[in-house]
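The values are calculated or read from the model by the stated rules, or taken from the named source; none is laboratory data. Treat the numbers as computed from the prediction; the structure is a model and nothing was measured. Here Cβ is always computed from backbone atoms with ideal geometry, including for glycine, and neighbour counts include all displayed protein chains.
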Amino acid sequence: MQSEDDFPALHEDSFREIDRKALLSPALSTHAPRILLLHGSLRERSYSRLLNEEAARILRRLGCETRSFDPAGLPFADGAEESHPKVKELRERVIWSEGMVWCSPERHGAMSGVMKSQIDWIPLSLGGVRPTQGKTLAVMQVCGGSQSFNAVNQLRILGRWMRLITIPNQSSVAKAFLEFEEDGRMKPSPFYDRVVDVMEELVKFTLLTRDRADYLVDRYSERKESPAELSKRVNQKSL
């Protein structure tokens, strides 16, 4: 009979006790949190873009540096080479970021193809860099009719798959065409208040985790693998 102190299945060289210093008191960065915002529509008056623009204003008010990505001209995944200028631009911005906002319209009960295509172009591994793991994510959606949460629920699944730290709060704006002024600014409403809530929470989580991200996503199972085996497995997941 095995003793409770015996771990015959454990690879001792790969097992680590929790490093409290790395987790609780890392060296803290002082630069502004870097947040990338992606929207999921190509329309001239895109409500997912307008919602992201409002979110970006709030983020900057909270001390962040923000960048957005225009999905116009981005080919569908596997429809072009990785050297395509729009693909390179998207990936460079993802690598630059410490957190992201994904905002999609809901179409036929799901996120838009434009939104999914952007996510599909973001690999799990890019050389020796993992562009998404350990970074924060906030999810939002705009609805043409009554409030729904189908798109944000799908975005959460993708965020988990990409190993992003997806914050608990989220925003879903019902009848979005009624919530914005002609100049594109969002009207005062409970929907606007929720966007402020979500951006506050995103900044807090980003500040809490960005200097701990590498440690938070460090895994026993991956420490067991050789670098070549790990790279092969991660690249297979990206296919």
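Which condition breaks for Ser68 when tested against (1) part of a loop (DSSP other than H, G, I, E, B); (2) farther than 20 Å from Phe191 by Cβ; (3) not aromatic (Phe, Trp, Tyr)?
(1)
Return only the number of the condition from (1) of a type outside the set (Val, Ile, Thr); (2) in contact with a Phe, Trp or Tyr (Cβ under 6 Å, 6 or more places away or on another chain); (3) in a loop (DSSP other than H, G, I, E, B); (4) more than 24 Å from Leu126 (Cα to Cα) that Leu10 does not satisfy.
(2)
Being assigned to a helix (DSSP H, G or I) and either closer than 19 Å to Leu164 by Cα or touching a residue at least 12 places away in the same chain (Cβ under 8 Å) (or both), is that true of even one residue in region 27-37? Outline the logic, then answer.
Taking region 27-37 first, the residues assigned to a helix (DSSP H, G or I) are none.
No, region 27-37 has no match at all.
Need pairs with beta-carbon distance below 6 Å; first residue more than 23 Å from Phe76 (Cβ to Cβ) and within region 122-136, second among the small types (Gly, Ala, Ser) and surrounded by fewer than 20 Cβ atoms within 10 Å (Cβ to Cβ); sequence gap 6+ or separate chains.
So the pair list comes out as Gly134/Ala213.
Given the criterion of a type in the set (Gly, Ala, Ser) and either modelled with pLDDT under 95 or in contact with a Leu (Cβ under 7 Å, 6 or more places away or on another chain) (or both), identify the matching residue among Ser48, Ser41, Ser29, Ser25.
Testing whether each residue is of a type in the set (Gly, Ala, Ser) and either modelled with pLDDT under 95 or in contact with a Leu (Cβ under 7 Å, 6 or more places away or on another chain) (or both) leaves just Ser25.
Is at least one residue of region 78-94 farther than 26 Å from Gln170 by Cβ, part of a loop (DSSP other than H, G, I, E, B) and β-branched (Val, Ile, Thr)?
So in region 78-94, the residues farther than 26 Å from Gln170 by Cβ come out as 78-89, 92.
Filter once more, keeping what is part of a loop (DSSP other than H, G, I, E, B): 78-84.
If we keep only those that are β-branched (Val, Ile, Thr) too, we end up with none.
Within region 78-94, not a single residue is farther than 26 Å from Gln170 by Cβ, part of a loop (DSSP other than H, G, I, E, B) and β-branched (Val, Ile, Thr).
Would you check if there is a residue in region 158-178 being over 16 Å from the mean Cα position of the chain (by Cα) and under 21 Å from Thr206 (Cβ atoms)?
Keep residues of region 158-178 that are over 16 Å from the mean Cα position of the chain (by Cα), which gives 172-178.
Restricting the remaining residues to those that are under 21 Å from Thr206 (Cβ atoms) gives none.
Checked against the condition, which is being over 16 Å from the mean Cα position of the chain (by Cα) and under 21 Å from Thr206 (Cβ atoms), region 158-178 yields no hits at all.
Would you check if Leu74 is at pLDDT 95 or above and part of a loop (DSSP other than H, G, I, E, B)? Working first, answer last.
Working: at pLDDT 95 or above: yes; part of a loop (DSSP other than H, G, I, E, B): yes.
It is true that Leu74 is at pLDDT 95 or above and part of a loop (DSSP other than H, G, I, E, B).
Suppose we filter Val142, Val114, Val94 for residues that are in contact with a strand residue (DSSP E or B) (Cβ under 6 Å, 6 or more places away or on another chain) and in contact (Cβ under 8 Å) with a residue 12 or more places away in the chain; which single one remains?
Details: Val114 fails: in contact with a strand residue (DSSP E or B) (Cβ under 6 Å, 6 or more places away or on another chain); Val94 fails: in contact with a strand residue (DSSP E or B) (Cβ under 6 Å, 6 or more places away or on another chain).
After ruling out the rest, the residue left standing is Val142.
Here's the yes/no breakdown for (1) surrounded by 17 or more Cβ atoms within 10 Å (Cβ to Cβ); (2) part of a helix (DSSP H, G or I):
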site	(1), (2)
Gly134	yes, no
Gln141	yes, no
Gly145	no, no
Asn153	no, yes
Ile157	no, yes
Val196	no, yes
